[in-house]
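**Student:** Below is the structure I would like to discuss, written out as structure tokens.
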Amino acid sequence: MIVADFIQIFRNTRYLSGKKSIGLPSNIIAKEYFNLSIKLLLNNSPGSKIDNRLPILGYEIEYLELRTLKYLFEEIFSKQNYYFYTEKEDPIVIDCGSNIGMSILYFKQIYPKSKIIGFEPSKVEFEILANNIKNNHLRDVEVFNLGLAEDEGIRPLFYNSNRSGSLSMSLLEERFQGNETCSTAIETTCLSRYINSEVDFLKLDIEGAELAVLKELDEKKKLPLIKEMVIEYHHHIKQDHDTLSTVFSILESNGFGYQVSAYIDGPFKKQKFQDMLVFAYRKNE
């Protein structure tokens, strides 16, 4: 598995080598990924203390759980799922679902002068996110301890009580199964309030609330201001809900083209939960 991961790191970097901004060289990313993999193999008792820290890519990163940190590094830096290209030196980026800030660190790697707005609903993760921004002296980054929804208010955020730093916290209780499900009250807001000028890149990874947020942006006529986005669509959180066509309809009606990544192990099973990545881009640019 690790060999395949290394091949992907070098393949992705080679693909991006003709672009203006490619972030870090593949050998540095591969070295950091190898170090994280070894640390995880040697430590089968995941950390849960807020003061856990590791030096990664020149940053001092505070984290909750080592396996979650490795997963974030793999998805964001190794696979480069949130890469985007622009001629601008200071693009506007909105990061929905910032967690502890690995995606923000990635955006700052490829565009050091980027201006970033981030949202993270969990109070625990938000505290670490704020520390990672402050301790690494990141400029032009503003983060909010808010959930994103179709309206403003107070709502329960559901999570697994057995996992520190879980990436699957959701406004939808159906995201979890079993007696270990807990909830905490959070404040929600509408993303449209924060989009009043052109946005170069939107990352939307909010564990099931993505369709509600897209609908709200569509209703408020804010989608034409967005140039590119990556949406993590969570298919079948509610097993009897099939709404993917609505996502595509919203994108198409607003002039977006898209690519989809949606791998699932066979054989197929009805109503099985599935993560999908949708890369959307304006077709006239």
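The values are calculated or read from the model by the stated rules, or taken from the named source; none is laboratory data. All values reported here derive from a predicted model rather than from experimental measurement. Cβ sites come from the backbone with ideal geometry, for glycine too, and all protein chains shown count toward neighbours. Note: accessible area is taken over every heavy atom of the protein model, side chains too, but ligands, DNA and RNA are not part of it. Shrake-Rupley method; radii C 1.70, N 1.55, O 1.52, S 1.80 Å.
**Student:** Too long at a 27 Å Cα-Cα cut-off: which of LYS215/LYS283; LYS220/LYS269; LYS220/LYS283?
**Tutor:** From LYS215/LYS283; LYS220/LYS269; LYS220/LYS283, over 27 Å: LYS220/LYS269.
**Student:** Can I ask one more? Applying 1/(1 + (r/R0)^6) with R0 = 35 Å to the Cβ-Cβ distance of ALA262 and LYS134, what FRET efficiency is obtained, to the nearest 0.05?
**Tutor:** The pair ALA262/LYS134 has a calculated efficiency of 0.40.
**Student:** If you don't mind, there's one more thing I want to ask. Please report, as a whole percent, how much of the solvent-accessible surface of the range 90-176 comes from carbon and sulfur atoms (probe radius 1.4 Å).
**Tutor:** 49
**Student:** Using every Cα-Cα pair within the range 121-172, state what percent have a distance larger than 13 Å.
**Tutor:** Working: 849 of 1326 pairs.
When all Cα pairs of the range 121-172 are counted, 64 percent exceed 13 Å.
**Student:** Still on this structure, please answer the following. Dimensions of the range 51-208 along principal axes (Cα, Å, largest first)?
**Tutor:** 48, 37, 26
**Student:** Next up: Pop the C-beta distance of GLU152 and GLU174 into the FRET formula with R0 = 35 Å and round what comes out to the nearest 0.05.
**Tutor:** 0.95
**Student:** How compact is the range 160-247 by the rule of thumb for globular proteins, expressed as Cα Rg over 2.2 N^0.38 Å?
**Tutor:** 1.22
**Student:** For LYS79, list the lysines whose Cα falls under 21 Å from its own Cα; do not include residues on the same chain fewer than 8 positions away.
**Tutor:** LYS19, LYS20, LYS31, LYS39, LYS70, LYS108, LYS203
**Student:** Share of antiparallel DSSP beta bridges in the chain, in percent to the nearest 5?
**Tutor:** 60
**Student:** Using the per-residue mean of other Cβ atoms lying within 10 Å as a proxy for protection, in what order, highest first, do the peptides 202-212, 113-123, 93-103, 268-278 fall?
**Tutor:** Descending mean neighbour count gives 93-103, 202-212, 113-123, 268-278.
**Student:** A follow-up question, please. As a test of understanding, state the convex hull volume per residue of the chain from its alpha carbons, in Å³.
**Tutor:** Values: hull volume 39.9 nm³, N = 285.
Convex hull volume per residue, Cα atoms: 140 Å³.
**Student:** With every protein chain present, what is the per residue accessible area of the range 102-221 (1.4 Å probe, Å²)?
**Tutor:** I get 45 Å² per residue for this part.
**Student:** With no solvent and one point on each alpha carbon, what is the Debye value of log10 I(q)/I(0) for the range 69-157 at q = 0.13, 0.14, 0.19 Å⁻¹?
**Tutor:** Calculated log10 I(q)/I(0) at the listed q: -0.43, -0.50, -0.89.
**Student:** Using only helices, what value at 222 nm comes out for the chain when you add -39,500 (n - 2.57) per DSSP H run of length 4 or more and divide by the total residues, to the nearest 500 deg cm²/dmol?
**Tutor:** -9000 deg cm²/dmol
**Student:** Compute the distance in nm between two label points, each set 7 Å from the Cα along the Cα-to-Cβ direction, one at ASN27 and one at HIS236.
**Tutor:** 4.5
**Student:** Something else: Ignoring ligands, DNA and RNA, how do TYR111, TYR263, TYR159 rank by accessible area with a 1.4 Å probe, largest first?
**Tutor:** Ranking TYR111, TYR263, TYR159 by accessible area, largest first, yields TYR263, TYR159, TYR111.
**Student:** Ranking request for peptides 57-70, 245-258, 127-140: highest mean number of other beta-carbon atoms within 10 Å first, then the rest in descending order.
**Tutor:** 57-70, 127-140, 245-258
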